[in-house]
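What follows is a set of notes on a single structure, which appears directly below.
The numbers here are math on the coordinates, done by the rules we state, and not lab data. Remember, predicted model here, so these are calculated numbers, not experimental data. Note that each Cβ is placed from the backbone with ideal geometry, even for glycine, and that neighbours are counted across all protein chains shown.
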Amino acid sequence: NAGVTQTPKFQVLKTGQSMTLQCAQDMNHEYMSWYRQDPGMGLRLIHYSVGAGITDQGEVPNGYNVSRSTTEDFPLRLLSAAPSQTSVYFCASSNRAGGINEQFFGPGTRLTVL
Amino acid sequence: GQQVMQIPQYQHVQEGEDFTTYCNSSTTLSNIQWYKQRPGGHPVFLIQLVKSGEVKKQKRLTFQFGEAKKNSSLHITATQTTDVGTYFCAGPKDSNYQLIWGAGTKLIIKP
């Protein structure tokens, strides 16, 4: 099992560019989520999904879109990158029996927006 | 809105000393989870506490969940260099499908 994989590991964008961060898991988890982590802060939830075809907003959704066409994949799209989106992005998955359980994280994408 | 506060932000200890981090929620939690993140790494799940007053141990790590299910602590006995990292607590939001995270406590071992 590869667990949760994310690509790319590093990315530099110019203001206004768009891009998609990829996330995939091979554990058949229904629940997937995207977080951003900024220095000195905990993780903040961007978007989450409780199953294929179902997505919802988290704490900081502005400037990001998601889709969930399959159980395995949960891409995060930055529509028009801004310097404030410079951060480390983590994708996570878990089973959702009874709520949110142990989260399995990917290795992260380190994004810089110039 | 619902908040999870974690203190201290940093703790410097000599190797062999103990370490404690505290987590306080503004609301009652159905459960609380603890994670460890090594420098440059991703968060890794340590444990989930569900019951009021629950205490669980993992070798030198002791986790407690308060009676009111609004606070929790992680205590490490006799720290080792392998314990270095940031420890986070997280609890579910009312909707139960969103986790609210503390800001983390960074454990630093003094040389």
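Observations, loosely collected:
- Relative contact order (percent, whole number), chain B, Cα cutoff 8 Å, 6+ residue spacing: 37
- Each residue in A:Asp56, A:Asp38, B:Asp83 was given a count of other beta-carbon atoms within 10 angstrom of its own, and listing them fewest first yields A:Asp38, A:Asp56, B:Asp83.
- The residue list B:Phe19, B:Gly91, A:Gly108 was ranked by how far each Cα lies along the charge dipole of the protein assembly as shown toward its positive end, using unit charges on Cβ atoms, and B:Phe19 comes out on top.
- Charging the Cβ of each Asp and Glu at -1 and of each Lys and Arg at +1, and nothing else, the dipole of segment A:34-114 about its Cα centre rounds to 120 debye.
- Taking every DSSP beta bridge that has both ends in the protein assembly as shown, the antiparallel portion is near 90%.
- Against the compact-protein benchmark of 2.2 N^0.38 Å, the Cα-based radius of gyration of chain B scales to 1.02.
- All C-alpha to C-alpha distances of the protein assembly as shown, sorted into 5 Å bins beginning at zero, yield P(r) values of 1, 7, 15, 18, 18, 16, 12, 7, 3, 1, 0 percent in whole numbers.
- Long-range HN-HN contacts of A:Met19 with modeled amide H, under 5 Å: A:Leu78
- Pairs spanning more than 21 Å between alpha-carbon atoms, out of B:Lys36/B:Lys59; A:Lys14/B:Lys106; B:Lys51/B:Lys106; B:Lys56/B:Lys110; B:Lys57/B:Lys93; A:Lys9/B:Lys106: A:Lys14/B:Lys106; B:Lys51/B:Lys106; B:Lys56/B:Lys110; B:Lys57/B:Lys93; A:Lys9/B:Lys106.
- Local net charge near A:Arg44, Cβ-Cβ under 14 Å (Lys/Arg +1, Asp/Glu -1): 0
- Pairwise label distance in nanometres, B:Arg38 with A:Ser69, each label 7 Å out on the Cα-Cβ vector: 3.6
- Net charge dipole size for segment B:1-89 [Lys, Arg +1 and Asp, Glu -1 on Cβ; Debye, nearest 20]: 300
- Rounded if a/c under 1.5, otherwise prolate or oblate - segment B:47-111, Cα gyration tensor axes: oblate
- For segment B:10-78 and segment A:39-94, distance of Cα centres in Å: 26
- For residues of A:39-46, the mean tally of beta carbons on other chains within 10 Å: 5
- Taking the Cα centre of the protein assembly as shown as origin and assigning +1 to Lys and Arg Cβ atoms and -1 to Asp and Glu Cβ atoms, the resulting dipole is close to 260 debye.
- Within chain B, percent of DSSP bridges classed antiparallel, to nearest 5: 90
- Per-residue ³J(HN,Hα) for segment B:79-94, Karplus 6.51 cos²θ - 1.76 cosθ + 1.60, θ = phi - 60°, Hz, x for Gly and Pro: 4, 10, 4, 6, 7, 4, x, 10, 10, 10, 10, 8, x, x, 6, 3
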